[in-house]
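The values are calculated or read from the model by the stated rules, or taken from the named source; none is laboratory data. Everything numeric here is computed off the predicted structure, so don't read it as measured data. Neighbour counts are summed over all protein chains in view; Cβ atoms, including those assigned to glycine, are modelled from backbone coordinates with ideal geometry. For the accessible areas, the whole protein counts, side chains as well, though only heavy atoms, and no ligand, DNA or RNA atoms are used. Shrake-Rupley method; radii C 1.70, N 1.55, O 1.52, S 1.80 Å.
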Amino acid sequence: MAFVTKGVDEERSEGSAQSGHNVSSDWRRGVTYQIYPRSFADGNNDGIGDIRGAIAHLSYVKELGADAVWVSPWFLSPMADGGYDVADYCDISPLFGTLLDAEDFIAECHRLNLKVIIDLVANHCSSEHRWFQAALAAAPGSPEREWFYFRDGRGENGDLPPTDFISVFGGRAWTRVTGSDGTPGQWYLHLFDLGQPDLNWGNPAVRAEFERIFRFWFDRGVDGFRLDAVPAIGKDLPFQDTGMDQGGQFTPETSEQTRYWDAGDVHEIVKSWRSVAELYDPPKYLVGEINVSTTEALLRYIRPGELQSVFTMNLVKSPWNAQEFEDRIKGALNFRSDGSSWPTWALSSHDEVRSVTRFATNEQGQLDMALGAQRARAALLLTLALPGGACIYQGEEIGLPQVSGLPLELLEDPIVARTGDPLKGRDGCRVAMPWDESTPSFGFSVSAPPRLPQPSSWGELSVARQSQDASSFLNFSRAALHARREHIEQQPDVCEWNNFAKDVLSFDRGDVRCIVNFGTEDFVLPATALVVLKSDEEITDAVLPNTGVWIQL
Ligand code: GLC
C-alpha cells in the first residue's frame with residue numbers, strides 16, 4: 001500500500017514507505033523545477049530564452065533546493081504552440097541552441113546532481129514535420145498518410161468534416177488539405193491546433209519511430225520524460241459523431257461521450273513506453289500529463305507497468321477553501337498500489353493562471369495581490385507536505401503573478417485565435433523571469449526586449465532583490481524546500497487527517513503536522529508547538545488566516 005489517507009480515529013498504519021521498485025527514491029519524494037526555456041533566461045541577447053541562458057541559472061535551481069528539472073519542449077518547431085508542435089524530435093530549435101548545448105545542459109544538471117526530464121509530445125507533431133509533409137505529398141490510402149488520421153470528408157464533394165470532433169483549443173478538430181493541383185482533398189485530425197496533426201499510434205511504424213526517439217534522448221543522458229497530453233493518444237476507432245456542441249472547446253469531462261480521448265489502446269501504448277524505460281539501469285522515469293475527468297481514470301495510468309507518476313493538477317482548479325483542498329487531495333491519495341508509483345503535486349504550470357493571481361480574490365470579490373501571494377505561500381507549504389513528488393513552475397518560487405493586459409498582437413497562444421477570447425490565452429504565465437535589476441529586462445536579456453513585456457514592478461520581484469529580503473517569497477520557498485528534505489521526505493506516505501475547525505486543513509505525516517488556515521480567524525497553536533516551517537514571518541503563537549505551518553510533533 002503506498003499513498004492512503006486516514007481519518008484520525010482510524011488505526012495508524014505502519015506507514016512505512018516502500019521504496020518504489022527499480023526507481024530512484026529521488027523522484028518519489030523529489031521536487032522538480034519546470035523550465036519553460038523561452039522565458040527563463042536569454043543567453044545570446046536576442047530576447048528569447050535559450051539553453052545557454054538556462055545553463056547559467058542551473059545553480060540557482062540547485063540552491064533553491066530542487067532535485068530535478070523538467071524542460072518544456074526545446075525541439076525544432078515552427079512554434080505554432082510554443083514548441084508543443086515538434087518538427088524534429090532529435091534536433092533543437094535554433095531559437096534555443098544546438099544539440100551540443102542540450103548535451104551540455106544535461107551534463108551541467110548532472111554535475112549539480114540535478115536529474116533532468118524533457119517534454120515528449122507524442123500525440124501530435126508539427127505540420128512541418130517531414131512525416132506530415134510526406135503524407136501531404138502522398139496519395140489518399142498511402143502508407144505515408146497512415147501515419148496520421150486522414151479521412152475523406154462527408155457531403156457530396158467531401159466538403160464536410162468526417163466527424164463532429166472539436167479541438168481542445170476550440171473549433172473543429174479536422175482541417176482539409178489541398179492537393180498540389182489546388183483541388184481540395186482529404187481531412188486530417190488535430191485535437192489541438194491545425195499545426196499539430198495527430199499521429200496514428202495504431203500504426204506500428206509510428207510506435208517504432210518513437211521508440212527510436214525515446215532511446216535517442218535516453219542515450220544522451222536524460223533521466224526521463226514528461227509525457228505530454230497522453231490521453232489524447234487513446235482514440236476509439238472507427239470514429240463516430242459525438243453530438244458535441246460545435247461552438248465549444250473539448251474538455252476531458254466530455255471524453256466519456258466522445259471516445260476520442262483516454263480510450264482505445266492508450267494503456268497498452270503507455271506500457272510499451274515503460275518497457276523502453278526499463279531497458280536502462282536505473283530505469284528511466286516517466287511522468288504523465290494526464291488530463292482526465294475522474295481520479296479513477298487518472299490512477300489507471302500509474303498501475304504497475306505504466307507510468308511511475310502523474311501530475312496531480314486538481315489543486316489548480318480549487319478555490320481557496322479548506323474542504324475543497326482536502327477533498328481533492330484525498331481523491332488523489334486514496335488509492336492502493338504496490339508502491340511503484342506516486343502522484344506529483346503541482347499548483348502551477350505554463351498552461352495555468354499563476355497561483356498568486358488565482359488566489360487573489362478577496363471576500364469582497366476584488367483582486368488583492370498581497371493576499372494572493374500570502375495564500376500561494378500557504379498552498380505551496382501544503383503541497384510540499386504531501387506524499388509523492390512536487391513540481392514548481394519557474395517564477396512560482398518568487399511569487400510571480402499572471403500578467404494581464406498584454407498587447408493583443410503579442411499573444412501567440414493558439415487558443416486565443418481559435419476561441420477569439422484573449423482571456424483564455426496562456427501567454428500571461430509565460431512572461432520572462434526577472435533575475436535582477438541590471439538590465440531593462442530585469443536580467444533576462446542584456447539589452448534585447450523580451451517577446452512579452454514584463455510589468456515595470458517586476459524589479460521588486462526579481463530574484464536578486466528577493467534574495468536580500470529575509471521575509472521574501474523566494475526565501476520562504478528556499479526554506480520550504482530545505483525543510484521538506486529535512487522533515488518531510490523520510491515520513492511515511494500517509495496523511496492522517498485532523499479535524500480541528502471547518503476552515504483549517506490539517507494532517508500529520510509521521511511526526512510532522514501540517515496546518516493551513518483557510519478561514520478568517522486565527523488558529524491558536526499550543527504553547528509547546530515546535531514550528532519547523534511557517535509561510536509567514538508574522539506567525540508566532542497562532543496560524544493566521546491565509547497562512548500555514550509545519551510543526552514537529
Ligand atoms: C499540453 C501542454 C500544452 C500544449 C498541449 C498540446 O497540455 O502542456 O502546453 O499546448 O499539451 O501539446
For region 311-455, what class follows from the C-alpha gyration tensor (a ≥ b ≥ c being the square roots of its eigenvalues): rounded when a/c is under 1.5, otherwise prolate if a/b is larger than b/c, else oblate? prolate
Phi-derived 3J(HN,Hα) across region 124-136 with the Karplus relation (6.51, -1.76, 1.60, θ = phi - 60°), rounded Hz, x for Gly and Pro, is 8, 10, 8, 5, 8, 5, 4, 4, 6, 4, 5, 5, 5
Considering the zone a paramagnetic label at ALA417 would reach in this model (a point 7 Å from Cα along the Cα-to-Cβ line), which residues of region 155-188 have amide N under 18 Å from it? 167-178, 188
Compute the helix-to-body angle for 204-219: its Cα long axis versus the longest principal axis of the chain, expressed 0 to 90° and rounded to tens. 40 degrees
Restricting to Cα atoms and excluding each atom paired with itself, what does the Kirkwood estimate give for region 106-219 in Å? 15.8 Å
For a quick check: with amide H placed at 1.01 Å from N, whose amide H comes under 5 Å from ALA542's, ignoring anything fewer than 5 positions away on the same chain? LEU525
Go through MET369, MET79 and list them by solvent-accessible area, largest first, probe radius 1.4 Å. MET369, MET79
Would you grab the residues whose amide H sits under 5 Å from the one on ASP91? Only those 5+ places off in sequence or on another chain, please, with H modelled 1.01 Å from N. LEU76
Debye, to nearest 20: dipole size of region 495-552, +1 on Lys, Arg Cβ, -1 on Asp, Glu Cβ: 180 debye
With +1 assigned to the C-beta of every Lys and Arg and -1 to the C-beta of every Asp and Glu, and no other charges, what is the dipole magnitude of the chain about the Cα centre in debye, to the nearest 20? 500 debye
Among THR183, LEU307, ALA501 the positive-end extreme of the charge dipole of the chain (Cβ point charges): LEU307
Given a Förster distance of 41 angstrom, what is the FRET efficiency for ASP522 paired with ARG303, based on the Cβ-Cβ distance and rounded to 0.05? 0.40
Calculate the radius of gyration of the Cα atoms of region 495-552 to one decimal place, then report Dmax, the largest Cα-Cα distance, as a whole number, both in Å. 10.2, 28
To the nearest 0.05, the calculated FRET efficiency linking ASP104 and ASP511 through their beta-carbon distance, R0 being 60 Å, is 0.90
What number, in nm² with one decimal, is the all-direction average of the projected area of the convex hull of the alpha-carbon atoms of the chain? 25.2 nm²
If I ignore ligands, DNA and RNA and count only protein heavy atoms, how much of LYS62 is accessible to a 1.4 Å probe, in Å² to the nearest 10? 70 Å²
List the pairs from LYS330/LYS502; LYS317/LYS424; LYS115/LYS534; LYS115/LYS317 whose alpha-carbon separation is above 25 Å, in the order I gave them. LYS115/LYS534; LYS115/LYS317
Leaving ligands and nucleic acids out of the surface, order LEU347, LEU76 by accessible area at 1.4 Å, largest first. LEU76, LEU347
Share antiparallel - DSSP beta bridges, the chain, percent rounded to 5: 50 percent
Within the chain, what's the longest stretch lacking GluC sites (Glu not before Pro) that sit in DSSP loops with no more than 15 other Cβ atoms inside 10 Å? 15-155
Can you work out ³J(HN,Hα) from phi for every residue in region 148-157, in order, using Karplus 6.51 cos²θ - 1.76 cosθ + 1.60 and θ = phi - 60°, giving whole Hz and x for Gly and Pro? 10, 9, 8, 9, 6, x, 9, x, 4, 9
Against the longest alpha carbon principal axis of the chain, how many degrees, from 0 to 90 and to the nearest 10, is the axis of helix 99-111 turned? 20 degrees
Short version: ³J(HN,Hα) in whole Hz for each residue of region 26-37, in order, from phi by Karplus 6.51 cos²θ - 1.76 cosθ + 1.60 (θ = phi - 60°), x for Gly and Pro, what are they? 4, 5, 5, 10, x, 10, 9, 10, 8, 9, 9, x
Roughly what would the spin-label model give for VAL532 and SER180, points 7 Å off Cα along C-beta, in nm? 6.8 nm
Kindly express, to the nearest 10 degrees and within the range 0 to 90, the angle between helix 473-483's C-alpha long axis and the longest C-alpha principal axis of the chain. 80 degrees
Taking the Cα atoms of region 428-553, report the difference between the largest and smallest coordinate on each principal axis, in whole Å and largest first. 53, 33, 26
